[in-house]
Amino acid sequence: MAILNRNDKIKSVAILTSGGDAPGMNAAVRSVVRTALDAGLTAYAIKEGYQGMVDGGDFIVPMGWQAGGGILQQGGTVIGTARCKQFRTRAGRLQAACNLVRRDIDSLVVIGGDGSLTGANLFRAEWPGLLAELREQGRLTQEAVDRHPWLTITGLVGSIDNDMAGTDMTIGADTALHRLTEAVDAISSTAASHQRAFVVEVMGRHCGYLALMGALATGADWVLIPESPPDVENWEDTMCNLLRAGRAAGRRDSIVIVAEGATDRAGKPISSAYVKAAIEQRLQEDVRVTVLGHMQRGGSPSAFDRTMSSQLGYAAVQEILSASAESESYLIGVKNNRITHSPLMDCVAQTKAVGRAMAAKDFAKAVELRGQSFSHSFRIFRTLARALPHKIPPGRRRLRLAIIHAGGPAPGMNTAVRVAARLSVDKGHLVWGIRNGFQGFAAGQIEELGWMSVAGWATRGGAELGTNRKVPRGSDLYAIARNIEKHQIDGLLIIGGWAGYQAAYRMYSERGNFPAFNMPIVCLPASINNNLPGSDLSIGADTALNSIVQAVDKIKQSAVASRRVFVVEVMGRHCGYLALMSGFATGAERVYMHEEGITLKDMQQDLDDLMTGFRRGKRLGLIIRGERANDIYDTNFICKLFEEEGGDLFEVRQAILGHLQQGGDPSPFDRIQATRLAAECIDLLLREAENPTPNASFIGLEEGQVKFHDLQDMPRMVDEEFQRPRKQWWMDLRPVARILAQPAPTSTC
Ligand code: ADP
């Protein structure tokens, strides 16, 4: 499938990475190169950032299809990055322009931070003048100058700090959060063993995103970020009082996260050494400091960084193909889970505005400019990190809320329970945890959840309350109604998957027969399958995807020595989300999923493509198959067929990944998502508890916005037979995934 290039002027695209490196840059490079080749353009990589552009020569290299092979899983940037003083001068940019025009390059995709993108935009503005000067100096012919009347720039943001306006996530930020949470989880376990306090310094000179989201995701006790310095005098005393009270309440570890750029309200830096001394002095205990440093920048990119960067690279080339002399430079980013483009310099200006607000000590403005979800997350963090809940004035109505799981286990379920329980208890309400799903509900396995009973749940995989796929019917409904009455439950939060939604719907439909069910009910999507209505992503899916991607990376490495095709079977039931996204993130040649089915013709075609590839020297083939893609053509069948037909060209091996996909500690995204959704659900339950005809609903993030749907809308939103939403947003990613993973067109190898 080729992209059509209707823009006669554009003949080639060059990509460079500049400034700090970030995991995921390689996925963007691969995507830009392959999308450009697919559109019939010549693709170049400029090595070592702007320095390579100024130096020219071998630093500007044509890229074939295979140059994008094997780099998706690598951290950093394979084309190198640098900081370049010469490019800050007009003379340097003059030389760079000369080097580009001599290779017929006048379209650039620049991946970098605000500095690199500002430089790129300046270069674009100067372009006609630079070319005129080169003509005058006799370094370029008039004909060459005429062929390149303008320069097209498209920017992608590569920065682990997530510090740029115009995109909700920058390339590398999700991976950095993975590194950070892995490290803090590990530190927490040793800290808990010795009842020790740790100060962990994390990256973020001007942006507290990593520190704040890391603190939220790891259940840390205190966080110091540049945008929001401590707002009390003697904050050191307040912090230490909280740590002391936390210990008294039963916490075994104390973790303080400090962003490297944290300051006090007067702008004086707060170093990790200072925080250590402050705690030691007040608590008279040994405090350890860990500076995470560059390990946050390194390592293999997360599934999200691979898929997002691949989409960004594709969109960047699309942007170039539609550019004209009048178009300004655009930044391609992701907002509300969709690719967007915004004027580059507006984004740079807004980013700089945050810096100015901080310099002017207008911290409220700085937080506001970071966006609503930043300030909301900070508020939630402050409540969750309390040693004990607020004291509630006597006489206030105390509601009794219950929390239950249903469906398969999904990493992040515990995180959601902790948040829901603590936020409710902090407002003075009582919370019941129901053990073992609806079976336990019918059997009366109900216990109170206090503030400390959920301590440590933020980071734990599995489901402490227990879960199963039982959907109540008949006498179960009667028993559940009795237990609701017995415990005087005022509202129910169901954190679970398809079975949970079905159970909620049944309770809702049976309200006429069981008056006890006339209470607010809300479902929070938690399923690795990501097959729930009303939500782009359910909790657990990101963790499962990362588990699959890590496993497939290893499988691919195991095959380098021989010529092999792997058929990897992933979970998801009839929903192809995990199959498609893991194929996208690992560069699989083919993804089989139930939504598209599998035909004999497909397999024949795929086999032919594989055989052609192996004849040309390919060493590894990768096919991902969703577990229920087709009942007849199962994984075993496909393997045997390919093995038989492949002859001596390759061996075929199958890998059925199984339950490792449901396990593991939740990924940072799943923890953050669980936190955000659980907070919203509790707000809703508390509101609806005052409603004489309370709603039953399900929550989700759709295009980044939190939305509630009435349970009565569920039947029209889902495909009951195959247990998935009728509309699945990620199906739109199939063409991009297919272009990037197609066999190399002969002309582009
Ligand atoms: P980042 O892109 O991560 O913000 P820098 O600010 O260090 O990183 O910028 C990277 C490179 O981009 C610089 O070394 C320089 O070559 C180029 N650059 C940055 N700002 C400008 C500018 N205002 N004009 C021209 N080039 C710039």
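The values are calculated or read from the model by the stated rules, or taken from the named source; none is laboratory data. This one's a predicted model, so the numbers in the text were calculated from it and none came from an experiment. Backbone-built Cβ (ideal geometry, glycine too); neighbour counts: all protein chains shown. Surface accessibility is based on the protein's heavy atoms, side chains included, excluding ligands, DNA and RNA. Shrake-Rupley method; radii C 1.70, N 1.55, O 1.52, S 1.80 Å.
Things to note:
- Of interest is the spacing of the C-alpha centroids, which for the range 358-372 and the range 273-303 amounts to 25 Å.
- Centre separation in Å (Cα based) which lies between the range 75-90 and the range 24-44: 19 Å
- Cβ-Cβ FRET estimate between L641 and K554, R0 fixed at 22 Å, reported to 0.05: 0.30
- Q281-A443 FRET efficiency (beta carbon distance; Förster radius 41 Å; 0.05 resolution): 0.20
- Pairs exceeding 23 Å between alpha-carbon atoms, taken from K601/K727; K556/K618; K556/K640: K601/K727.
- Cα gyration tensor shape of the range 541-664, rounded if a/c is under 1.5, else prolate or oblate by comparing a/b with b/c: oblate
- Within-11-Å neighbourhood charge of K556 [Cβ basis; K, R +1; D, E -1]: +2
- With R₀ fixed at 51 Å, the C-beta to C-beta distance from A353 to D608 puts the FRET efficiency at about 0.40.
- Under 12 Å from the Cα of K9 - aspartates and glutamates, other chains or at least 8 residues apart: D104, D106, D146
- GluC sites (Glu not before Pro) lying in DSSP loop within the range 183-250, provided at most 12 other Cβ fall within 10 Å: E233
- Taking 0.36 nm per residue of sequence separation and removing the Cα-Cα distance, the E485/R102 pair yields an extension gain of 129.8 nm.
- Overall form of the range 173-296 per C-alpha gyration tensor (a/c, 1.5; a/b vs b/c): oblate
- Relative intensity, log₁₀ I(q)/I(0), of the range 689-735 from a Debye sum that treats every alpha carbon as a point, q = 0.13, 0.14, 0.24 Å⁻¹: -0.42, -0.48, -1.02
- The chain pair-distance distribution - Cα-Cα, 20 Å bins, rounded %: 17, 45, 32, 6, 0
- Residue-span extension gain [R88 to D362] - 0.36 nm each, minus C-alpha spacing: 95.6 nm
- 5 angstrom amide H check on D264, placed H, neighbours 5+ away: I270
- Rounded to the nearest 10 degrees, the angle from helix 635-646 to the longest Cα principal axis of the chain is 20 degrees.
- Taking each of K365/K391; K335/K391; K365/K707 in turn, the alpha-carbon distance tops 29 angstrom for K365/K391; K335/K391.
- In the range 497-632, Cα pairs under 8 Å separated by at least six residues give a relative contact order of 25 percent.
- Rolling a 1.4 Å probe across the protein heavy atoms gives the chain an accessible surface of 38 Å² per residue.
- Cross-link reach list, lysines versus K47, counting only Cα pairs under 21 Å and skipping chain neighbours closer than eight places: K11, K85
- Inter-probe distance in nm under a simple model that places probes 7 Å from Cα toward Cβ, at E703 and N241: 4.6 nm
- HN-Hα J in Hz across the range 337-347 - Karplus 6.51, -1.76, 1.60, θ = phi - 60°, x for Gly and Pro: 6, 10, 6, 9, 10, 9, x, 3, 6, 5, 5
- Kirkwood hydrodynamic radius (C-alpha pairs) into Stokes-Einstein, the range 470-528, 25 °C and 0.890 mPa s, D in µm²/s: 211 µm²/s
- Under the shape rule built on the C-alpha gyration tensor, where the axes satisfy a ≥ b ≥ c, the range 1-90 is oblate, since a/c reaches at least 1.5 while a/b does not exceed b/c.
- Alpha-carbon centroids, the range 686-703 and the range 197-259: separation in whole Å: 33 Å
- Whole-percent carbon and sulfur share, accessible surface of the chain, 1.4 Å: 49 percent
- Mean shadow area of the range 205-256 over all directions, Cα convex hull, nm²: 3.8 nm²
- Dividing the summed -39500 (n - 2.57) terms of all DSSP H runs of n ≥ 4 by the residue count of the chain sets its mean residue ellipticity at 222 nm at -13000 deg cm²/dmol.
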